[in-house]
Amino acid sequence: MRRQKDFRPDPTEASWKNRLHLTKSQRSSLLKWILYGLFLLLLSLVQDTVMSRLAYRGATTDLVPCGILLICLLQDPDSGGIFALIGSTLYVFSGSAQGYYCIVLLTFLGVLLNILRHTLLSRRFRSIFLCMIVGLMVYELAVFAFGLFLGNTYFSRISVFVTTGILSIVAIPILYPIAFSVSKIGGEKWKD
């Protein structure tokens, strides 16, 4: 005796399109984070190939930490912090960073400055620029302090680290429009 089926069985094979179905919001978010990753890759390439040859009094820019902090400040503290953690980890493992402590340093600075900006300042270029100035100078001085502690540098080279911080600050107005236009992809989160 044949049993009558009450329902249609689920298909056993799903096409790749059905497995990877993303909503429009998810596609926009994915595009934004891919563009951020490509932006950091471009900064790393420019830093390691072009800017490393251009030095002013022994100092050059630190474009990748500048990009990581900038992107972190353009996002919410939670997503910005996750990006700073992932971006700084990739920066360290690329071999361009000064040491493993840069992971904690960039993540902590990014989240702290992002929370400060969200609670006390508005989302304008001036407030982000102010946070970036503080973040980059603290980063460079912390790298200098770690270098002193580890015996990689000596105290008379502090001017090189300060000059590197200043040169990185000069790059912010060039990098900001690119990062800001990418941050607009997918719209803004609605806040109550």
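The values are calculated or read from the model by the stated rules, or taken from the named source; none is laboratory data. All values derive from a computational prediction rather than experimental measurement. Cβ coordinates were reconstructed from backbone atoms using ideal geometry, including for glycine residues, and neighbour counts include every protein chain displayed. SASA here: full protein model, heavy atoms, side chains in, ligands and nucleic acids out. Shrake-Rupley method; radii C 1.70, N 1.55, O 1.52, S 1.80 Å.
Only one of (1) open to solvent by 10 Å² or more (accessible area, probe 1.4 Å); (2) in contact (Cβ under 8 Å) with a residue 12 or more places away in the chain; (3) out of contact with any His (no Cβ under 9 Å at 6 or more places or on another chain) fails for P77. Which number is that?
(3)
Can you list residue pairs whose Cβ atoms sit under 7 Å apart, with the first residue in the stretch 167-188 being touching a residue at least 60 places away in the same chain (Cβ under 8 Å) and the second being open to solvent by 70 Å² or more (accessible area, probe 1.4 Å)? Count only pairs 6 or more apart in sequence or on different chains.
L167/Y56; Y176/F125; I185/L31; G186/S25
Residue under question is T164, and the condition is that it be surrounded by fewer than 15 Cβ atoms within 10 Å (Cβ to Cβ) and among the β-branched types (V, I, T); does it hold? Write out each step before concluding.
Details: surrounded by fewer than 15 Cβ atoms within 10 Å (Cβ to Cβ): no; among the β-branched types (V, I, T): yes.
Against the criterion (surrounded by fewer than 15 Cβ atoms within 10 Å (Cβ to Cβ) and among the β-branched types (V, I, T)), T164 does not qualify.
For the structure I just gave you, tell me whether T89 is touching a Gly at 6+ places or on another chain (Cβ under 7 Å) and of a type in the set (S, T, N, Q). So that I can check it myself, show each step before the final result.
On the way: touching a Gly at 6+ places or on another chain (Cβ under 7 Å): no; of a type in the set (S, T, N, Q): yes.
No: the conditions fail for T89.
Could you say which residue among T107, T89 is farther than 16 Å from G37 by Cβ, hydroxyl-bearing (S, T, Y) and modelled with pLDDT of 90 or more?
Values: T89 fails: farther than 16 Å from G37 by Cβ.
Checking each option against the conditions leaves just T107.
For the stretch 97-115, how many residues meet the condition of being more than 15 Å from the chain's Cα centre (by Cα) and either open to solvent by less than 70 Å² (accessible area, probe 1.4 Å) or within 13 Å of Y139 (Cβ to Cβ) (or both)?
Residues of the stretch 97-115 that are more than 15 Å from the chain's Cα centre (by Cα), as a first pass: 98-101, 115.
Still in the list and also either open to solvent by less than 70 Å² (accessible area, probe 1.4 Å) or within 13 Å of Y139 (Cβ to Cβ) (or both): 98-99, 101.
Number of matching residues: 3.
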